[in-house]
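Okay, so here's the structure we're looking at.
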Amino acid sequence: MASLVEIRGLVYEYPGFRALHDLSATIEKGTITALVGPNGAGKTTFLRCLAALEAPYSGTIKLDGLNIHSNPRLSHTQMGYLSDFFGLYDDLTVGQCLSHRAYAQELVANRAAEAIEWAAGAVNLSDRLRQKAGELSRGLRQRLAIGQAIIHKPKLLLLDEPASGLDPEARDDLATLLTRLRDGGMTIVVSSHILAELEAYSSHMLIIDKGHIVDHAIVGDAALGSESAALTVQLMEPHKDFEKILLHVAEITRMTDTAAQISLKGGPTAQRDLLKKLIAAGAPVIFFGPDKVNLQDAYIERMREGRAS
Ligand code: ATP
């Protein structure tokens, strides 16, 4: 997969306090990265550096090859950012808020009208263009703020805790919206403390603790298409050759009579071949898919490992 963001040796300091220590990471195009970590870990600082709103002490961030801190204005035409605490112009209508942003992004005349129509549609606010922002519920305000952030169809969308304070339905709407934007080609980095939710749509998890990257891993269904995948295989009942077939091609992480967690190299082809082999041998496979370790478990495990070492 092609990379969109290259972060190399990023160091950020507040006066007298180093908040980010030598961070390096690559964010691939078309992915949704969950940025997680405890309070004070550096997530907001990291997102603000990625948004070219803070100048790092050292290190570089490139967006599609563009050094964002040498070209902040140009980079802002290619990314959208929503901070954890945002304000809206409450006396403006939804349409005016979007129009204001469109013009700020130098989209004028027909291009502004098209952008407003597209962004309002993307965040499901087309029927509220004449309503004042101050009259919107929290979930709708959030959607409008995201609509403003994506008005110029950025390559990269950065969202700092967009789900906080939303009810379950509004969070579900947010998940659908982010998945749709990703499907439309946007690359998204989203910070949140609500891991169960991030799991629904994230392809990667970037864990930050005390200003260091603790882990950067592929998660969920995205693992299936990757070169090295963590998989769970489950049988309806034990089969004599289950372990032998698995051992032939994969590393076994955990094993019972009827279930195994394995690590398999070779991408989708190796996965297809293994499933074929199991079925050909008569193994009663009832589940073959990405490891069922959830984001929350993976996060807690990594944090504990990090603290123990
Ligand atoms: P949270 O989950 O609580 O939002 P976070 O992971 O987003 O936290 P940051 O807000 O990036 O963390 O803060 C990282 C560290 O930098 C913290 O120790 C914080 O106290 C410190 N910090 C943040 N802003 C400033 C500032 N303006 N001046 C000095 N230190 C700051």
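The values are calculated or read from the model by the stated rules, or taken from the named source; none is laboratory data. The shown structure was predicted, so the numbers you read here are calculated from the model rather than taken from an experiment. Positions of Cβ are generated from backbone atoms using ideal geometry, with glycine treated the same way; all protein chains shown enter the neighbour counts. These area figures cover heavy atoms from the full protein model, side chains too; ligands, DNA and RNA do not enter into them. Shrake-Rupley method; radii C 1.70, N 1.55, O 1.52, S 1.80 Å.
Just the accessible area per residue of the stretch 156-309, please: how many Å² with a 1.4 Å probe? All intermediate terms of the calculation are to be shown ahead of the outcome.
Numbers: 7820 Å² over 154 residues.
I get 51 Å² per residue for the stretch 156-309.
Cut-off under 20 Å on the C-alpha distance; same-chain residues fewer than 8 positions from LYS29 excluded. Which lysines are left, in chain and number order?
Within the straight-line cut-off, LYS29 pairs with LYS62, LYS153, LYS155.
Taking the Cα centroid of the stretch 163-185 and of the stretch 1-59, what is the distance between the two, rounded to the nearest whole Å?
That distance is 23 Å.
Assigning unit charges at the beta carbon (Lys, Arg +1; Asp, Glu -1) and nothing else, what dipole magnitude in debye, to the nearest 20, does the chain show about its Cα centre?
Charge dipole, the chain, about its Cα centre: 500 debye, nearest 20.
So what does SER191 come to for accessible area, using a 1.4 Å probe and Å² rounded to 10?
0
With an 8 Å cut-off on Cα pairs and a minimum separation of 6 or more residues, tell me the relative contact order of the chain in percent.
Numbers: 575 pairs, mean separation 56.3, N = 309.
Relative contact order for the chain comes out at 18 percent.
Compute the long axis of helix 109-122 from its Cα atoms, compare it with the longest principal axis of the Cα atoms of the chain, and write down the angle in degrees, 0 to 90, nearest 10.
40
Compute the separation of the alpha-carbon centres of the stretch 121-156 and the stretch 233-256 and state it in Å as a whole number.
Rounded to whole Å, the Cα centres lie 49 Å apart.
May I ask for the angle, rounded to the nearest 10°, between helix 138-149 and the longest principal axis of the chain, with both axes built from Cα atoms and the value confined to 0 to 90°?
80
Given a 1.4 Å probe, how much area per residue of the stretch 67-141 is accessible, in Å²?
On the way: 4490 Å² over 75 residues.
Per residue, the stretch 67-141 has an accessible area of 60 Å².
Please go through the stretch 64-134 and write out the chymotrypsin sites (Phe, Trp or Tyr not before Pro) that DSSP classes as loop and that have at most 14 other C-beta atoms within 10 Å. Working shown, then result.
Working: sites: TYR81, PHE85, PHE86, TYR89, TYR103, TRP118; in loops: PHE85, PHE86, TYR89.
Within the stretch 64-134, the qualifying chymotrypsin sites (Phe, Trp or Tyr not before Pro) (loop, at most 14 other Cβ atoms within 10 Å) are PHE85, TYR89.
Taking all protein chains as present, what is the carbon and sulfur share of the accessible area of the chain, in % to the nearest whole number, probe 1.4 Å? Intermediate results must be reported in sequence, preceding the final value.
Numbers: 7670 of 15380 Å².
That fraction is 50 percent.
Only helical DSSP H runs with n ≥ 4 go in: add -39500 (n - 2.57) per run for the chain, normalise by residue count and round the 222 nm mean residue ellipticity to 500 deg cm²/dmol. List each step's numbers first, then the result.
On the way: 10 runs with 109 residues, N = 309.
Taken over the chain, the calculation gives -10500 deg cm²/dmol.
Out of LEU35, SER83, GLN105, whose Cα points farthest toward the positive end of the dipole of the chain (charges: +1 Lys, Arg; -1 Asp, Glu; placed on Cβ)?
GLN105
Between the helical axis of 94-104 and the dominant principal axis of the chain, each derived from Cα atoms, what acute angle in degrees is found, rounded to the nearest 10?
90
Would you mind classifying the stretch 44-110 by shape? Square roots of the alpha carbon gyration tensor eigenvalues, ordered a ≥ b ≥ c; an a/c under 1.5 is rounded, otherwise it is prolate if a/b is larger than b/c and oblate if not. Don't skip to the answer; put the middle values down first.
Numbers: a/c = 3.66, a/b = 1.66, b/c = 2.20.
Judged from the Cα gyration tensor, the stretch 44-110 comes out oblate (a/c at least 1.5, b/c at or above a/b).
Rounded, prolate or oblate for the stretch 90-207? Axes are the square roots of the Cα gyration tensor eigenvalues, ordered a ≥ b ≥ c, and the cut-off for rounded is a/c under 1.5. If you can, show how the numbers build up before the last one.
Details: a/c = 2.23, a/b = 1.44, b/c = 1.55.
Judged from the Cα gyration tensor, the stretch 90-207 comes out oblate (a/c at least 1.5, b/c at or above a/b).
Going highest first, how would you order 138-144, 66-72 by mean Cβ packing within 10 Å? Can you show the working numbers first?
Details: 138-144: 20.6, 66-72: 14.9.
Going from most to least packed, we get 138-144, 66-72.
Within the set of other residues whose C-beta is less than 15 Å from the C-beta of LEU4, count the net charge using Lys and Arg as +1 and Asp and Glu as -1. Mind dumping the intermediate values first?
Working: positive: ARG8, LYS29, LYS62, LYS153, LYS155, ARG182; negative: GLU6, GLU28, ASP64.
Computed value for this residue: +3.
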